[in-house]
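Enquirer: Questions regarding the structure given below will be posed in turn.
The values are calculated or read from the model by the stated rules, or taken from the named source; none is laboratory data. As the structure is a prediction and not an experimental result, all values here were calculated from the model. So basically every Cβ, Gly included, is an ideal-geometry build from the backbone, and we count neighbours across all protein chains shown. Ligands, DNA and RNA are excluded from the accessible area calculation, which covers all protein heavy atoms including side chains. Shrake-Rupley method; radii C 1.70, N 1.55, O 1.52, S 1.80 Å.
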Amino acid sequence: MSAPTENRSTVTEREARQVAEAARERDWHKPSFAKELFLGRFRLDLVHPHPMPAEESVRRGEEFLAKLRAFCETEIDSARIEREARIPDEVVAGLKDLGALGMKIDPKYGGLGLSQLYYNKALALVGSVSPAVGALLSAHQSIGVPQPLKMFGTEEQKDAFLPRCARTDISAFLLTEPDVGSDPARLATTAVPDGDEYVLDGVKLWTTNGVVADLLVVMARVPKSEGHKGGITAFVVEADSEGITVEHRNAFMGLRGIENGVTRFHRVRVPAAHRIGPEGAGLKIALTTLNTGRLSLPAMCAGAGKWCLKIAREWSAEREQWGKPLALHEAVGAKISFIAATTFALEAVLDLSSQMADEDRNDIRIEAALAKLYGSEMAWKMADELVQIRGGRGYETAESLKARGERAVPAEQMLRDLRINRIFEGSTEIMHLLIAREAVDAHLSVAGDLIDPAKSLPEKAKAGAQAGVFYAKWLPKLVAGPGQLPTSYGEFRHGVDLSTHLRYIERTSRRLARATFYGMSRWQGRMETKQGFLGRIVDIGAELFAMSAACVRAERLRTRDEHGREAYQLADAFCRQARIRVEELFGRLWTNTDDLDCKVVKGVLGGAYTWLEEGIVDPSEDGPWIADATPGPSTQSNARRPYGS
């Protein structure tokens, strides 16, 4: 029997929600295509014509991509990284020489100053040859020291740290703890003020790049005291500071080359000048950083889709069964069509979101979250289909294939490497809740007090009046729209007719808004507990966003004479596939087993079905489910291993 976990913090559900809510960006100063979509307003004008990068940005980006491609083709040995479970020092040194550590850092600090669009193209390229190298660069720049300093750092901090991050130093982001995942209210690492310094104590888990990092972004809780507001706060910390010990390098089913570890802080002194932003702003800084930082993950998912398509095409044309190529069998052809159409859509979502981030005229917090959610789920499915197409060879390792004389295709490795993306930077389940919260923000803004059991009767009455005014204007607009007019979106008819899909998106957007309103009316304050319903609402929105991006991208390629005919075909195929998924999701909004599932779960937890577990032997070893993270000096040897040391 496992030993009980000690020293676990106790936080009520309400307290946890209050911490998360306080960290949200509440205001919407700029328009959001995705937010409008969830409200039943299909604002095609926000994404069409497709935004385009500046010529100088394209020139610099393409120049760097050419150098990076040459490096990837000649210097990165993916098989070696998988075999040795390490990225060789010389590879990291080469990336530093290329300037790949500073892709998003302003040139005045020694960086390349690439746009979000070309940064993501670079990650897709690197991630295709080695997802571990892609993760190294992404963790360093998307959530490590450069991004939060770029957005929230002082000029002194930027001058001190960004040149190092651009050329020499690897950075990591430390938030998660052994008993803290997506619930930051339980954060136990402390930063106690002491004069012009803070003293850090605590343990951080799953610190990607943490084993090799030179600089750390650490989230810690500052106790409230005289002169100190307190709260979760962000700090830049030198990784070689006295009192920091990397106690363990973690190993995973995939991404075997990443340097991910457990880091202990014991009386680590950090100058107050290294604090990012004010006390208590750490979680908001982390979430704001992730708004665009999340786009790095779908970049590598899009790259994975391209690779899956290439291998599926080559293999299914070569392999014959029952007298014809594998691809010409309908069961296999359907999988290849899914991979091709979905890869086109993922790249469309990525490029659109990235360019919108570069222009900074739209609020893309929902778009970036949808891109992460949709990209991670669909890339996993594409890799799974590739393994199925390859059959036994898909399950066999590349090393084994090579040893017996066949092409070393790492399909099973791709499946393992992609699996973490459904957990990284917010699991699918957490992303559903995060996006759902933003999607219903307009409703909660006017009617939140009405369904809040903690509010008084006068507050509820005031909220009722506000809600009445809002819904009197909003609900009638959900009845009819351009989607019901056969002539709408006629500029998307060129051989293949994409206008029918845009009309579908417009109609379905209104249908989605009506379903959301009905759900809120039905469950009111219990709406937040209906995670199955909310997840399906978000998944429908994700499909509609992807359909929109695919159509807009196809039209952009057509107008630029860049495979426009083929792009229209792929967009049409994707939209038709997506519409089937959307209709299934709508059906499951109201016809599902959610309530029954809850009853079964209570039975499982209550021990009613333990008899079902009989007849097996559990190979798990004894030990606590969650490791002890009591603050104190480390008893382990330091596993820190900076590159080049």
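Enquirer: Loop by DSSP (not H, G, I, E, B), at most 12 other beta-carbon atoms within 10 Å: where is the longest site-free stretch of the chain for GluC sites (Glu not before Pro)?
Expert: Here the longest segment lacking exposed loop sites spans 7-225.
Enquirer: Hey, could you pull the Cα Rg and Dmax for segment 44-174, both in Å?
Expert: Reported Rg and Dmax, both Å: 15.4, 50.
Enquirer: Continuing with the same structure: Rounded, prolate or oblate: which one fits segment 568-645, using the alpha carbon gyration tensor with axes a ≥ b ≥ c (rounded when a/c is under 1.5, else prolate when a/b beats b/c, else oblate)?
Expert: Taking the square roots of the gyration eigenvalues as a ≥ b ≥ c, segment 568-645 is oblate.
Enquirer: Just want to confirm a number: the relative contact order over the chain, from Cα pairs under 8 angstrom separated by 6+ residues, in percent.
Expert: Once divided by the residue count of the chain, the mean separation gives 18 percent.
Enquirer: Evaluate segment 294-366: find the radius of gyration of its Cα atoms, find its Kirkwood radius, and give the ratio Rg to Rh.
Expert: Checking Rg against Rh, the ratio lands at 1.19.
Enquirer: Related question: Please return the longest stretch of the chain lacking exposed loop sites, where trypsin sites (Lys or Arg not before Pro) count only if DSSP places them in a loop and at most 12 other Cβ atoms lie within 10 Å.
Expert: Longest run free of exposed loop sites: 27-223.
Enquirer: Here's a follow-up. Specify the inter-centroid distance of segment 133-169 and segment 66-94, based on alpha-carbon positions, in whole Å.
Expert: Each part reduced to its Cα centre gives a spacing of 22 Å.
Enquirer: Shifting gears a bit: Rank 547, 601, 625 by how far each Cα sits towards the positive end of the charge dipole of segment 530-645 (+1 on Lys, Arg Cβ; -1 on Asp, Glu Cβ) and give me just the farthest.
Expert: Farthest towards the positive end: 547.
Enquirer: Same structure again: Could you size up the charge dipole of segment 223-350 around its Cα centre, putting +1 on the beta carbon of Lys and Arg and -1 on that of Asp and Glu, and report it in debye to the nearest 20?
Expert: Rounded to the nearest 20 debye, it is 200 debye.
Enquirer: Once each part is reduced to its C-alpha centroid, what is the distance from segment 445-503 to segment 31-51 in angstrom?
Expert: 13
Enquirer: Same structure again: Relative to the Cα centre, what is the charge dipole magnitude of segment 147-240, using +1 at the beta carbon of each Lys and Arg, -1 at the beta carbon of each Asp and Glu, and rounding to the nearest 20 debye?
Expert: Charge dipole, segment 147-240, about its Cα centre: 380 debye, nearest 20.
Enquirer: Let me ask you something else. Please label the shape of segment 177-241 as rounded, prolate or oblate, based on the square roots a ≥ b ≥ c of the eigenvalues of the alpha-carbon gyration tensor (a/c under 1.5 means rounded; beyond that, a/b larger than b/c means prolate, else oblate).
Expert: Note, shape of segment 177-241 comes out oblate.
Enquirer: Kindly give Rg over Rh for the chain, based on alpha-carbon atoms, with the Kirkwood expression for the hydrodynamic radius.
Expert: Taking Rg over the Kirkwood Rh, I get 0.96.
Enquirer: Going toward the positive end of the dipole of segment 144-220, with +1 on Lys and Arg Cβ and -1 on Asp and Glu Cβ, which of 220, 190, 170 do you reach last?
Expert: 170
Enquirer: Taking all protein chains in place and a 1.4 Å probe, what share, in percent, of the accessible surface of segment 457-558 do carbon and sulfur account for?
Expert: That fraction is 58 percent.
Enquirer: Which percent of the accessible heavy-atom area of segment 388-455 goes to carbon and sulfur, probe 1.4 angstrom?
Expert: 55
Enquirer: A follow-up question, please. Grab the beta carbon distance between residue 521 and residue 602, set R0 = 22 Å, and tell me the FRET efficiency rounded to 0.05.
Expert: Efficiency, from the Cβ-Cβ distance: 0.25.
Enquirer: Please compute the contact order of segment 526-617 in relative form: average sequence separation of alpha-carbon pairs under 8 Å and at least six residues apart, divided by the residue count, as a percent.
Expert: Normalised by residue count, the contact order of segment 526-617 is 28 percent.
Enquirer: Could you check the spin-label model distance between residue 106 and residue 251? Points 7 Å from the Cα along Cα→Cβ, value in nm.
Expert: The two pseudo-label positions are separated by 4.5 nm.
Enquirer: Net charge within 12 Å of residue 333 by Cβ-Cβ distance, Lys/Arg positive one each and Asp/Glu negative one each, not counting residue 333 itself?
Expert: Taking every Cβ under 12 Å from that of residue 333, the sum is +1.
Enquirer: Can you pick out the pairs among 67/104; 104/158; 324/402 whose Cα atoms lie more than 19 Å from each other?
Expert: 324/402
Enquirer: Below 11 angstrom from the Cβ of residue 141, what's the summed charge of the other residues (Lys, Arg +1; Asp, Glu -1)?
Expert: Every neighbour counted, the sum reads +2.
Enquirer: Leaving out ligands, DNA and RNA but keeping every protein chain, what accessible area does residue 118 have, in Å² rounded to the nearest 10, with a 1.4 Å probe?
Expert: Counting only protein heavy atoms, residue 118 exposes about 10 Å² to solvent.
Enquirer: For segment 117-208, rounded, prolate or oblate, judged on the Cα gyration tensor with a ≥ b ≥ c (square roots of eigenvalues), a/c < 1.5 rounded, else prolate if a/b > b/c?
Expert: Because a/c hits 1.5 or more and a/b fails to exceed b/c, segment 117-208 counts as oblate.
Enquirer: Next up: Provide the per residue accessible area, probe 1.4 Å, for the chain, rounded to a whole number of square angstrom.
Expert: Computed with neighbouring chains in place, this is 46 Å² per residue.
Enquirer: Here's another thing I want to ask about it. Quick check on segment 412-562: what does the Kirkwood estimate of hydrodynamic radius come out to from the alpha carbon pairs, in Å?
Expert: Every distinct Cα pair counted, the radius reaches 18.2 Å.
Enquirer: Roughly speaking, to the nearest percent, how much of segment 286-363's 1.4 Å accessible area is carbon and sulfur?
Expert: Carbon-and-sulfur percentage of accessible area, whole number: 55.
Enquirer: Using unit Cβ charges (K, R positive; D, E negative) and no other charged atoms, how large, in debye to the nearest 20, is the dipole of the chain about its Cα centre?
Expert: For the chain, the charge dipole is close to 1780 debye.
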